[in-house]
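Visitor: Have a look at this one.
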Amino acid sequence: MQKPDLVIVGAGPAGMAAANQAAELGLKVCILDEQSNPGGQIYRDVDRVAPIRGDALGADYTYGTRLTDKLHHANIVHMSGATVWAIEKGFCVSYTQNGRGAQIIADHILLATGALERPMPIPGWTLPGVMTAGAGQILLKQSGVVAQNAVLVGSGPLLYLIACQMLRAGSAPKALIETQTGADTRAALRHLPRALQGWPYLVKGLKMLAAIRRAGVPRYQGTASVSITGTDHVEAVHFMHKGRTKSISCDTVFMHHGVVPNTQAARSLGIAHHWHNAQQAFVPKLDEWGHSDFAGVFIAGDSAGIGGAKTAEAYGKLTALKIAEMTGRLTVGERDRKASPIQRSLSHELAARPFLDTAYPPFNAALTPSDNTLICRCEEVTAGDIRRYTKLGCTGPNQAKAFGRAGMGPCQGRYCGLTVTTLIAKETGQSPDTTGYYRIRPPLKPVTLGEIAAMDITTDESPQ
């Protein structure tokens, strides 16, 4: 295959939709996908799993096969198990596949790297048996493993979805311990008129809540002082609810209080970002087509701002139309005509987002944890350490690396970065934008000397 017109990093809904749209318009596309099968997190391993566990996971999950089917196109090369660890100017992308490094050059790059679950550092969150709700979904999707004696903690519709999936799989959660409050719900009501434009999402949420209620799963809303205890594994969750201390014994805790854009690859290129206050996270600065301030680099899907799978799919298509126009496959008029129905559907897809962001905010006690709570698990840095660094003159996350190695472990700050920014901003009185984020440099993911030594340094063609 000749040098591709477009390299896409990630094969979730945005990456798959963009690949198909671009291929249909005559562009040569190469997808570098870290997973062994396409689908991303939301449609993880959907081709294999849908026939055997589709009933438990639901129609929203099995919908992903419509996107994976479209990857079988002569203009698309899908490189599975390919971990991208560097993107350089001139669009030379370095990656590892099957224990061997390789590189590819393209005219345009689309970053469709998706989202990360927001870390929820509360007392006891590092105990064995405590994991994110997304990790629980991975167990169910890929392996058919359903946690027994499990409690769900946090806020957001994903908790309801996972609870319903567990119910359909035959293992109801013991309880939902929810951190959103009545005040959050009341504040969200001002967004309800617009949210009604996206009424299918609201109806879907009401149906999930009804199913949870019919199953008799207790819901504790507006909880505070949430902590997890145990010796060598999780044994119980403790919390305050309506002024009373409660405890629920369990073997597994699934935590979730939102997802945030995975911006590591974009930041490694120096793409500008800004703080999204409603989502309490940094998002890249993009135009309406997903084009960044780094010419030729596009970003789509949840890595551009949290919107969900259908929104990601739509934005993926829009970026492909813009790239097709830039490469002469479409005129501006043709691009706009094809984009018009996609943009109309986007309006409906995004209608409920302000309501959801307001009704289900992140758990404040986990955004600014207590001093003895670990926030950087890789380097064992606590929230108190970060506060102490600010008193010694630390004003940003990059300085925090020098003070105590926060963000310098294997995850390279993916899971502590926002917490470090929030803590420093609060302590110094700066805005998150002023405080900033870690400076990201390659390698984006761990790579061995052996993989580099085995690298094929030919970069004028994509992999055969």
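Visitor: Mind checking which helices (runs of 4 or more DSSP H) fall wholly inside region 371-464 and carry at least 3 residues that are free of Cβ contacts under 8 Å to residues at least 60 places away in the same chain and of a type in the set (Gly, Ala, Ser)? Full working, then the answer.
Guide: On the way: elements: 383-391, 397-404, 417-428, 432-435, 449-453.
Result: 397-404.
Visitor: Please list, ordered by residue number, the strands (runs of 3 or more DSSP E) wholly in region 248-313 having 1 or more residues that are of a type in the set (Phe, Trp, Tyr).
Guide: Working: elements: 252-256, 259-261, 273-276, 281-284, 297-299.
By residue number, 252-256, 273-276, 281-284, 297-299.
Visitor: Filter region 60-116 for residues that are β-branched (Val, Ile, Thr) and either within 23 Å of the chain's Cα centre (by Cα) or not in a strand (DSSP E or B) (or both) and give the result.
Guide: Our first condition is that a residue be β-branched (Val, Ile, Thr); within region 60-116, this holds for 62, 65, 68, 76-77, 83-84, 87, 93, 96, 104-105, 109, 113.
If the condition is that a residue be β-branched (Val, Ile, Thr) and either within 23 Å of the chain's Cα centre (by Cα) or not in a strand (DSSP E or B) (or both), then THR62, THR65, THR68, THR83, VAL84, ILE87, VAL93, THR96, ILE109, THR113 are the ones that fit.
Visitor: Answer with yes or no whether ARG213 is surrounded by fewer than 16 Cβ atoms within 10 Å (Cβ to Cβ) and touching a strand residue (DSSP E or B) at 6+ places or on another chain (Cβ under 9 Å). Give the steps one after another, and end with the answer.
Guide: Details: surrounded by fewer than 16 Cβ atoms within 10 Å (Cβ to Cβ): yes; touching a strand residue (DSSP E or B) at 6+ places or on another chain (Cβ under 9 Å): yes.
Considered against the rule, which asks whether it is surrounded by fewer than 16 Cβ atoms within 10 Å (Cβ to Cβ) and touching a strand residue (DSSP E or B) at 6+ places or on another chain (Cβ under 9 Å), ARG213 comes out as yes.
Visitor: Then there is this: Can you pull out every residue in region 151-184 that is assigned to a helix (DSSP H, G or I) and either at positive phi or of a type in the set (Phe, Trp, Tyr) (or both)?
Guide: If we filter region 151-184 for residues that are assigned to a helix (DSSP H, G or I), which is where we start, we get 157-168, 182-184.
Passing the criteria: only TYR160.
Visitor: Any residue at all in region 298-306 that's touching a residue at least 60 places away in the same chain (Cβ under 8 Å), of a type outside the set (A, V, I, L, M, F, W, C) and over 25 Å from ARG441 (Cα atoms)?
Guide: no
Visitor: Hey, another quick one. Does at least one position in region 384-392 carry a residue that is of a type in the set (S, T, N, Q), under 28 Å from LYS445 (Cα atoms) and crowded, with 17+ Cβ neighbours inside 10 Å?
Guide: Quick first cut of region 384-392, residues of a type in the set (S, T, N, Q) only: 390.
After this cut, where a residue has to be under 28 Å from LYS445 (Cα atoms) as well, the list is none.
Within region 384-392, none of the residues are of a type in the set (S, T, N, Q), under 28 Å from LYS445 (Cα atoms) and crowded, with 17+ Cβ neighbours inside 10 Å.
Visitor: Let me ask something else. Looking at TYR360, TYR415, TYR389, which one is among the hydroxyl-bearing types (Ser, Thr, Tyr) and within 30 Å of GLN97 (Cα to Cα)?
Guide: Numbers: TYR360 fails: within 30 Å of GLN97 (Cα to Cα); TYR389 fails: within 30 Å of GLN97 (Cα to Cα).
None of the other options fit; the residue is TYR415.
Visitor: Here's a follow-up. Restricting to region 35-49, count the residues that are surrounded by fewer than 23 Cβ atoms within 10 Å (Cβ to Cβ) and without any contact (Cβ under 8 Å) to a residue 60 or more places away in the chain.
Guide: 5
Visitor: Would you mind finding the one in ALA359, ALA320 that is closer than 20 Å to PRO284 by Cα and touching a residue at least 12 places away in the same chain (Cβ under 8 Å)?
Guide: Only one candidate qualifies: ALA320.
Visitor: Filtering region 63-102 down to residues that are surrounded by 14 or more Cβ atoms within 10 Å (Cβ to Cβ) and among the polar types (S, T, N, Q), which residue is farthest from GLN41 (Cα to Cα)?
Guide: Checked region 63-102; the qualifying residue farthest from GLN41 (Cα to Cα) is ASN75.
Visitor: Which numbered condition in (1) modelled with pLDDT of 95 or more; (2) β-branched (Val, Ile, Thr); (3) more than 26 Å from the chain's Cα centre (by Cα) is the only one that THR231 fails?
Guide: THR231 satisfies all of (1) modelled with pLDDT of 95 or more; (2) β-branched (Val, Ile, Thr); (3) more than 26 Å from the chain's Cα centre (by Cα) except (1).
Visitor: Which numbered condition trips up ARG267, out of (1) buried (at least 18 other Cβ atoms within 10 Å of the Cβ); (2) basic (Lys, Arg); (3) outside the structural domain of ILE42 (by TED's automatic domain parsing)?
Guide: (3)
Visitor: Have a look at ALA400, ALA366, ALA295, ALA352 and point out the one that is over 22 Å from VAL420 (Cα atoms), of a type outside the set (S, T, N, Q) and crowded, with 17+ Cβ neighbours inside 10 Å.
Guide: Details: ALA400 fails: over 22 Å from VAL420 (Cα atoms); ALA366 fails: over 22 Å from VAL420 (Cα atoms); ALA295 fails: crowded, with 17+ Cβ neighbours inside 10 Å.
When all the criteria are applied, what remains is ALA352.
Visitor: Given the residues THR422, THR395, which is the only one that is at pLDDT 90 or above, among the polar types (S, T, N, Q) and buried (at least 18 other Cβ atoms within 10 Å of the Cβ)? Walk me through how you get there before you give the answer.
Guide: Details: THR395 fails: buried (at least 18 other Cβ atoms within 10 Å of the Cβ).
Unique residue meeting the criteria: THR422.
Visitor: Quickly run through region 215-233 and pick out the residues that are assigned to a strand (DSSP E or B), out of contact with any His (no Cβ under 6 Å at 6 or more places or on another chain) and under 22 Å from GLY129 (Cβ atoms). Outline the logic, then answer.
Guide: Initially, region 215-233 is screened for residues assigned to a strand (DSSP E or B), giving 219-220, 224-230.
If we keep only those that are out of contact with any His (no Cβ under 6 Å at 6 or more places or on another chain) too, we end up with 219, 224-226, 228-230.
If the condition is that a residue be assigned to a strand (DSSP E or B), out of contact with any His (no Cβ under 6 Å at 6 or more places or on another chain) and under 22 Å from GLY129 (Cβ atoms), then ARG219, SER225, VAL226, ILE228, THR229, GLY230 are the ones that fit.
Visitor: Same structure again: Could you please find all residues in region 312-329 being out of contact with any Phe, Trp or Tyr (no Cβ under 6 Å at 6 or more places or on another chain) and farther than 19 Å from GLY114 by Cβ?
Guide: LEU321, ILE323, ALA324, GLU325, MET326, THR327, GLY328, ARG329
Visitor: Something else now. Give the residues of region 323-349 that are surrounded by 14 or more Cβ atoms within 10 Å (Cβ to Cβ), touching a residue at least 24 places away in the same chain (Cβ under 8 Å) and among the small types (Gly, Ala, Ser), sorted by residue number.
Guide: ALA324, SER345
Visitor: Which one of THR252, THR231 is over 30 Å from ALA425 (Cβ atoms), among the polar types (S, T, N, Q) and free of Cβ contacts under 8 Å to residues at least 40 places away in the same chain?
Guide: Checking each option against the conditions leaves just THR231.
The values are calculated or read from the model by the stated rules, or taken from the named source; none is laboratory data. Since this is a predicted model, take the numbers as computed values, not measurements. Neighbour counts are summed over all protein chains in view; Cβ atoms, including those assigned to glycine, are modelled from backbone coordinates with ideal geometry.
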